[in-house]
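J.: Pasting a structure below so you can have a look.
The values are calculated or read from the model by the stated rules, or taken from the named source; none is laboratory data. Please read these numbers as outputs of a predicted model, since none were measured by experiment. Cβ placement follows ideal geometry from the backbone for every residue including glycine, while neighbour counts extend to all protein chains displayed.
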Amino acid sequence: MIKTITLNPALDKTIILDEFRSGQVNRVKKIFKDAGGKGINVSKMIRNLGGRSIATGVLAGATGSFIKNELERMEIEHNFIESTGETRTNLKLVDLRSNTFTDINEKGAFLLAKKLEELEALIFNDLEKDDLLVLSGSVPAGVSEHIYEDWINKAKGLQIKTILDVDGPLFKNGVKAGPTLIKPNNHELSAYFSTEMIDREVIINSAVKLFEYGVEMIMVSLGSAGAIFLTADKRIVIEPLSLDVKSTVGAGDAMVGALALGITEGMGMEEMITLSVAASSASLLNNGTEMGTKDQILNLKSQIKYYYL
């Protein structure tokens, strides 16, 4: 079983403009509304690849109801708790002329401690040995920056595997618990190590230090420069594809979804990493937070090139 956790889900509203003009009236060309949040996006990709996951987390208000309805429409299993307030809305501005993607994200409603305890019980009540818990995304106000660290430690005690995809203090704390796999990008590693991560050798030499915490696998996403996959004894560089990018929203989550499926299905390492990069790349081809389709992914997968260092 795969469970994806979205503590801070969102209605993702993607607004496409011919050109964004600051301080002026802007006419919208297209608009897309999607059920969003990193864990939910991970579940979308697992669904597209023919896998099964259970999406869980916290929803509130009319926006929360919209997200539930969208998950049901997409036939994604879900089990969220209800909270007070309103689930946030995130704006994604796409400027076609400059080919830029701008995110304006709300913080999220305050979450009471008793609701977090309710969610924790819900998450762990039916997980078994070798199941997988995907912990990704921001947390709302009222939630400790150690929450993912605590849940990873609890999961390890139950022999449950974990994937961590977060940034800032959540990453700094969570990585100490030694999740099975982490997926930082080079910017998140730069913040963690307080060193600019541009050179590949610097990225690798820095990232491998995280194995001392018990991390088993690291996928470093590098945007248009590809990716690097690391284990304690392997270094693999995945080359980027040349793509007509329509939206960057959810591409990292798509990668995590494929990695999660690869881990639970016992895929070989090379199969798993090529599938994950193809999933991420395919999602760049679609508008909004629409994940790449299975056909898109399989088509791109045959084009993925990588090499060992």
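J.: Are there any pairs with C-beta distances below 7 angstrom linking a residue in segment 148-165 that is farther than 19 Å from residue 53 by Cβ to a residue that is buried (at least 23 other Cβ atoms within 10 Å of the Cβ), with the two at least 6 apart or on different chains, and if so which?
T.: Listed by first residue and then by second, the contacts come to 149/174.
J.: Just one of the numbered conditions (1) closer than 24 Å to residue 153 by Cβ; (2) touching a Ser or Thr at 6+ places or on another chain (Cβ under 7 Å); (3) at pLDDT 95 or above is not true of residue 37; which one?
T.: (3)
Okay, residues lined up against (1) more than 16 Å from the chain's Cα centre (by Cα); (2) within 16 Å of residue 39 (Cα to Cα); (3) surrounded by 19 or more Cβ atoms within 10 Å (Cβ to Cβ); (4) modelled with pLDDT of 95 or more:
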residue	(1), (2), (3), (4)
109	yes, no, yes, no
132	no, yes, yes, yes
145	yes, no, no, yes
150	yes, no, no, yes
168	no, no, no, yes
184	no, yes, yes, yes
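J.: Counting only residues that are charged (D, E, K, R) and either within 28 Å of residue 36 (Cβ to Cβ) or surrounded by 18 or more Cβ atoms within 10 Å (Cβ to Cβ) (or both), which one in segment 200-250 is farthest from the chain's Cα centre (by Cα)?
T.: 244
J.: Here is a follow-up. Looking at segment 149-243, what strands (runs of 3 or more DSSP E) fall wholly within it and have at least 1 residues that are within 18 Å of residue 275 (Cβ to Cβ) and polar (S, T, N, Q)?
T.: Per the criteria, 217-221.
Residue by residue, here is whether (1) closer than 21 Å to residue 263 by Cα; (2) touching a Phe, Trp or Tyr at 6+ places or on another chain (Cβ under 7 Å); (3) among the hydrophobic types (A, V, I, L, M, F, W, C); (4) part of a loop (DSSP other than H, G, I, E, B) holds:
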site	(1), (2), (3), (4)
51	yes, no, no, yes
64	no, no, no, no
71	no, no, yes, no
90	no, no, no, no
98	no, no, no, yes
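J.: Follow-up. Is it true that some residue in segment 235-248 is within 28 Å of residue 174 (Cα to Cα) and modelled with pLDDT under 95?
T.: yes
J.: Quick one: in segment 9-29, which of the residues that are in contact with a strand residue (DSSP E or B) (Cβ under 7 Å, 6 or more places away or on another chain) and part of a loop (DSSP other than H, G, I, E, B) is nearest to residue 143 (Cα to Cα)?
T.: Per the criteria, the residue is 9.
J.: Here's something else I'd like to know. Is it true that residue 110 is under 14 Å from residue 9 (Cα atoms) and of a type in the set (Phe, Trp, Tyr)?
T.: yes
J.: Moving on. I'd like to verify a number: residues in segment 100-135 that are assigned to a loop (DSSP other than H, G, I, E, B) and either over 23 Å from residue 159 (Cβ atoms) or in contact (Cβ under 8 Å) with a residue 12 or more places away in the chain (or both), how many?
T.: Looking only at that region, the number is 13.
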